Amino acid sequence: MSEAHSEASVGNAATFDTHPGADAGVTPESPLQWSRVQGHVTEEGGAAEQIRVVERPFLGHLVLRGGAITLDEAVRAELGVSLPGKPLGLVLDAEGSRSVQWVSPDEWLVIVPAGEEFELENRLRARLGDAHFAIVNVGGGQTLLELSGEKARELLMKSVVYDVHEHGLPVGKAVGTVFAKTSVVLRRPTEARFELVVRRSFADYCVRWLRDAGREYGLRVESASP
Amino acid sequence: MFHIFCPYCQEYREEEEFHPSGQAHLVRPADPASVSDDEWGDYLFFRDNPRGIHHEMWVHRLGCRKFFNITRDTTSYEILETYRMGEQPSITAANAEVRREQGVQTADGGWQTVGAQPENSRLNEETPS
């Protein structure tokens, strides 16, 4: 990354924009690129199936670490939502496109639309100043899969060890748990939708598992091309 | 199906998400340069192996990824309590009253760091309940 526009420095931390500009001549590839080449992932749209899995590639994933009170102030000012104070909380903004998730007592995962995370990171750094905190852009390391459809819960019931029933995973809850032989972050942002945050190197495995587990219901994995 | 209470997530979670990390409440000598080789070796290599109540460190490795402590009975494998790092256990081997309430057998002591001490031979016998 040598372009001037993609680098910045706020305080003593060097940051850079992980989205190459359009003129950089780099085609971004989502973690599901290999699955796509293999034909496991199709373009968005098509015949209705009982379960729909849609990848949301290239979103901005930021991990915030630090004290809850200082971070809450900054996040409230920059995103307009408060940090989920209770364990396993998941908060969405009014649009539903930006979310803040409790990961552990001093760690939160922020997911924002593609391209916003660099600006957000810089603004948070500027606002937090000398406070004791860390912000890491982990967008390159993980991707988001959305599960919807009436059988989505049944699919999850045989894939994760967590109780995905309404009383175990109500709307506004997010847990890290075991998915098949790997780990995922399982989120419930709305009534109709589950979200899986999967690791990049396990993305193909997760998609294969989902396709296999969802075969009896009819399942399609979709991802918009870059 | 075996659930462990994570004191950070504040709910029972599947055992698969956890991993044991050995004895809890080990204190590193404040000035390592001044302790004897024996003391340093004890700190570094030797661990308790009691029959009965044992305090262990576990990590919620696939959840919040935090370390916490478990008080566990090594004879029945029963988990008596879980508590956060930095906190002290409410159930200990010395806490006879709680032990009786819980109906738990414990051996007294259980140190195996000093070799064949006479009192250690008792540990190999059944403790009367």
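Looking at A:D212, is it surrounded by fewer than 17 Cβ atoms within 10 Å (Cβ to Cβ) and either away from chain B (no Cβ under 14 Å) or over 25 Å from A:A94 (Cβ atoms) (or both)?
On the way: surrounded by fewer than 17 Cβ atoms within 10 Å (Cβ to Cβ): yes; either away from chain B (no Cβ under 14 Å) or over 25 Å from A:A94 (Cβ atoms) (or both): yes.
Taking the combined requirement at face value, the residue satisfies it.
Here B:C9 fulfils each of the conditions (1) within 14 Å of chain A (Cβ to nearest Cβ); (2) touching a strand residue (DSSP E or B) at 6+ places or on another chain (Cβ under 7 Å); (3) hydrophobic (A, V, I, L, M, F, W, C) apart from (2). Among the residues of the stretch A:86-101, the one identified as buried (at least 18 other Cβ atoms within 10 Å of the Cβ), away from every other protein chain (no Cβ under 14 Å) and part of a loop (DSSP other than H, G, I, E, B) is A:R98. Within the stretch A:1-49, the residues that satisfy the criterion of being more than 18 Å from A:P113 (Cβ to Cβ) and at pLDDT 90 or above are A:L32, A:Q33, A:W34, A:S35, A:R36, A:V37, A:Q38, A:G39, A:H40, A:V41.
Sort through A:E150, A:E154, A:E119 and tell me the only one that's without any contact (Cβ under 8 Å) to a residue 24 or more places away in the chain, on the phi < 0 side of the Ramachandran plot and either touching a Leu at 6+ places or on another chain (Cβ under 8 Å) or surrounded by fewer than 18 Cβ atoms within 10 Å (Cβ to Cβ) (or both). Please lay out each step first, then the result.
Details: A:E150 fails: without any contact (Cβ under 8 Å) to a residue 24 or more places away in the chain; A:E154 fails: without any contact (Cβ under 8 Å) to a residue 24 or more places away in the chain.
From the options A:E150, A:E154, A:E119, the qualifying one is A:E119.
Screening A:V184 with (1) aliphatic (A, V, I, L, M); (2) farther than 27 Å from A:H40 by Cα; (3) under 18 Å from the mean Cα position of the chain (by Cα) gives one miss only, at (2).
Step by step: first the residues of the stretch A:102-115, then only those that are more than 14 Å from chain B (Cβ to nearest Cβ) and buried (at least 18 other Cβ atoms within 10 Å of the Cβ), then the one that is farthest from A:E55 (Cα to Cα). Which residue is that? Only one residue tops the list, namely A:V110. The listed residues are A:L145, A:L128, A:L196, A:L124, and the only one of them that is surrounded by 15 or more Cβ atoms within 10 Å (Cβ to Cβ), at negative phi, out of contact with any Gly (no Cβ under 9 Å at 6 or more places or on another chain) and not assigned by TED's automatic domain parsing to the domain that holds A:A47 turns out to be A:L124. Condition check for A:L219 on (1) at pLDDT below 95; (2) in the same structural domain as A:G80 (by TED's automatic domain parsing): one failure, at (2).
The values are calculated or read from the model by the stated rules, or taken from the named source; none is laboratory data. As the structure is a prediction and not an experimental result, all values here were calculated from the model. Cβ sites come from the backbone with ideal geometry, for glycine too, and all protein chains shown count toward neighbours.
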